[in-house]
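One structure is given below, encoded as structure tokens.
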Amino acid sequence: MKLYSTNNHDLNVDFPTAVFNSMPLDKGLYMPVNIPVLDQEFIQQIDQYTLPQIAFKVASALLDHAIPAEDLQKIIDEAFNFDAPVVPLEAETYVLELFHGPSLAFKDFGARFMSRIMAYFLKDGEQLLDVLVATSGDTGGAVALGFLGVPNTRVTILYPKGKVSEIQELQLCTNGQNIHAIEVEGTFDDCQHLVKQAFADEELNRKLRLTSANSINISRLIPQTLYYFNAYAQLRRAGKKEVIFSVPSGNFGNIAAGLLAYKMGLPVKQFIAATNVNDTVPRYLKTGIYETRPSVQTYANAMDVGAPSNWVRIMDLFNQDKAALQEVLKSYSYTDEETLEGIHSIYDRFAYIACPHTAIAWLALEDYNKENPQENATGVFLSTAHACKFPDVFSEEMSSKIQVPAQVQELTAKLKHAEKMDTEYGSFKNYLTTFY
Ligand SMILES: *Cc1c(COP(=O)(O)O)cnc(C)c1O
């Protein structure tokens, strides 16, 4: 597999290089030079395949022999040992539940694959691998649980103080071993900025072997394509043909993976990027002006991103052709008030409890359906996290009906530890180089 940088199409690196560098020095993002189109026969018969089989087919096409088949199958079987069911709510509305992994969020797909890929390529006796992650909530937990106990790795997670939920914070701060949490006095963008400064710091990079586990890492993007294929397989089994995916979006990694799946031949009628008031993308699609803004805090805090990193990947997938992209991608944004209304509507109509991110995806699907009443496709909105991770937004009645999985209950008994830090890069660098 060969990868280029979105800032330099002549760059050409192999898969392990892209995985460990995470970001090219020119600060672009890695993208596959060749996007393989899966054979029609496979797509036509996809309803006969299981999730691990689909994962293998999709990953081996993308990785193009970067990992021998037997090893790749083993990584896949270990990484995706949980389900991603599409659950019907009404005749043409389904929810794709991506929260059945250990951190109860869809980020488990990316993080569990990435950690195993990194462990696979790490050779005995090599320098310790320092994984840096900025998280707005869910990334941290998924990465922490993905890397926990992986030899020769050390994970540092930065999260914005007071802006992640209690369960999320517990998932970040109770691991011990090779996992370290830093509570930053600032926003998610501040955390992300600190990590980016570390990667651009030549002196630091001479001392430490740094890598990123954020959604910019190509080994997180690749495994996210598979649940789109797997959802499609399930819908085909249910007799559905035309599919619309509505994706709650923040850093736009999830929907970038969906669009990559589309480019690999997955028949999707429409993608919908659903955002909270951090609406850089919906504004761009409406006005043609791409203007990032500082992030604003919302109930859907994992989507509080003012400058979505993966957008450059999406533009590249469509050769910078906004008109072509707009045929496939619509985008809507919602306030906190609308999000709450959405949560209640879903509960009233389907007795289903959706987390705020998920509710936003449903609202966008509803709005799309209203604008396109003649379309006779099946709408699937992605549920990116278990409702129990966001207890503050629900009414008492709803809260009492949320079933908290056992692994979360166990967390509350554990000891919490996080290093407190300001947003000065000097403090972070100092910590990385001296305080471990
Ligand atoms: C990370 C996250 C998102 C946003 O996903 P992106 O890939 O960053 O667009 C949405 N919902 C939840 C629950 C998340 O954790």
Which of Asp130, Asp108, Asp316 moves most in a GNM of the chain, Cα contacts under 10 Å?
-> Asp316
Taking Cα pairs under 8 Å and at least six residues apart, what relative contact order does the chain come out at, in percent?
-> 19
Where the only charges are on Cβ atoms (+1 Lys, Arg; -1 Asp, Glu), what is the dipole of region 103-208 about its Cα centre, to the nearest 20 debye?
-> 320
Cα→Cβ-extended label distance, 7 Å offset, between Glu327 and Phe82, nm = 3.8
Counting only the backbone N, which residues of region 359-377 are under 15 Å from the spot 7 Å out from the Cα of Ser345 toward its beta-carbon?
-> 359-373
Is the shape of region 312-436 rounded, prolate or oblate, going by the alpha carbon gyration tensor and its root eigenvalues a ≥ b ≥ c, with a/c under 1.5 for rounded and a/b larger than b/c for prolate?
-> oblate
Scalar couplings 3J(HN,Hα) for region 397-402 by Karplus 6.51 cos²θ - 1.76 cosθ + 1.60 (θ = phi - 60°), nearest whole Hz, x for Gly and Pro, are 4, 5, 3, 5, 9, 6
Relative packing of 180-191, 138-149, which averages over residues the other C-beta atoms within 10 Å, highest first = 138-149, 180-191
According to a simple spin-label model (label point 7 Å from Cα along Cα-to-Cβ), what is the distance in nm between Glu70 and Arg206?
-> 4.3
Stretched fully, the stretch from Glu92 through Ile289 gains (0.36 nm per residue minus C-alpha distance, one decimal, in nm) 67.5 nm
Rounded, prolate or oblate: which fits the chain when a ≥ b ≥ c are the square roots of the eigenvalues of the alpha-carbon gyration tensor, with rounded for a/c under 1.5 and prolate only if a/b beats b/c?
-> rounded
Summed side-chain charge close to Thr174 - residues other than Thr174 whose Cβ falls under 12 Å, Lys, Arg +1, Asp, Glu -1 = -1
Note, Leu11: beta-carbon cut-off 14 Å, +1 each Lys/Arg, -1 each Asp/Glu, net -2
Determine the sum of side-chain charges near Leu63: Lys and Arg each +1, Asp and Glu each -1, restricted to other residues whose C-beta is under 12 angstrom from that of Leu63.
-> -1
Looks like region 371-431, by Cα gyration tensor root eigenvalues a ≥ b ≥ c and the a/c under 1.5 rounded cutoff (else prolate when a/b is bigger than b/c, oblate otherwise), is oblate
Calculated FRET efficiency, Lys370 and Asp14, Cβ-Cβ r, R0 30 Å, to nearest 0.05?
-> 0.05
Want the number for Asn319 to Val33: 0.36 nm per residue separation, take away the alpha-carbon distance, what's left?
-> 101.7 nm
For Lys370, go through the lysines and keep the ones whose alpha-carbon is under 28 Å away, minus same-chain ones fewer than eight residues off.
-> Lys240, Lys241, Lys263, Lys269, Lys286, Lys322, Lys330
Over the chain, the sum of -39500 (n - 2.57) across DSSP H runs of at least four, divided by residue number and rounded to 500 deg cm²/dmol, gives at 222 nm -13000 deg cm²/dmol
Please give the length that would be gained between Asn7 and Gln197 if that part of the chain were fully extended, namely 0.36 nm times their separation in residues minus their C-alpha to C-alpha distance (nm, one decimal).
-> 66.6 nm
Return the aspartates and glutamates within reach of Lys163: Cα separation strictly under 13 angstrom, same-chain partners fewer than 8 residues apart disregarded; answer none if there are no such residues.
-> Asp138, Glu183, Glu185, Asp189, Asp190, Asp304, Asp392
Highest mean packing first, using Cβ neighbours within 10 angstrom, the peptides 299-308, 91-100 sort as 299-308, 91-100
Put +1 on the Cβ of every Lys and Arg and -1 on every Asp and Glu Cβ in region 360-420; which of Leu363, His386, Gln374 then has its Cα farthest towards the positive end of the dipole?
-> His386
Between Glu410 and Asp336, the two model label points (7 Å from Cα along the beta-carbon direction) sit apart by a distance in nm of 3.4
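Computed from the coordinates by the stated procedures, all read-outs in this text should not be read as laboratory data. Please read these numbers as outputs of a predicted model, since none were measured by experiment. All Cβ positions, even for glycine, are placed from backbone atoms using ideal geometry, and neighbour counts span all protein chains on display.
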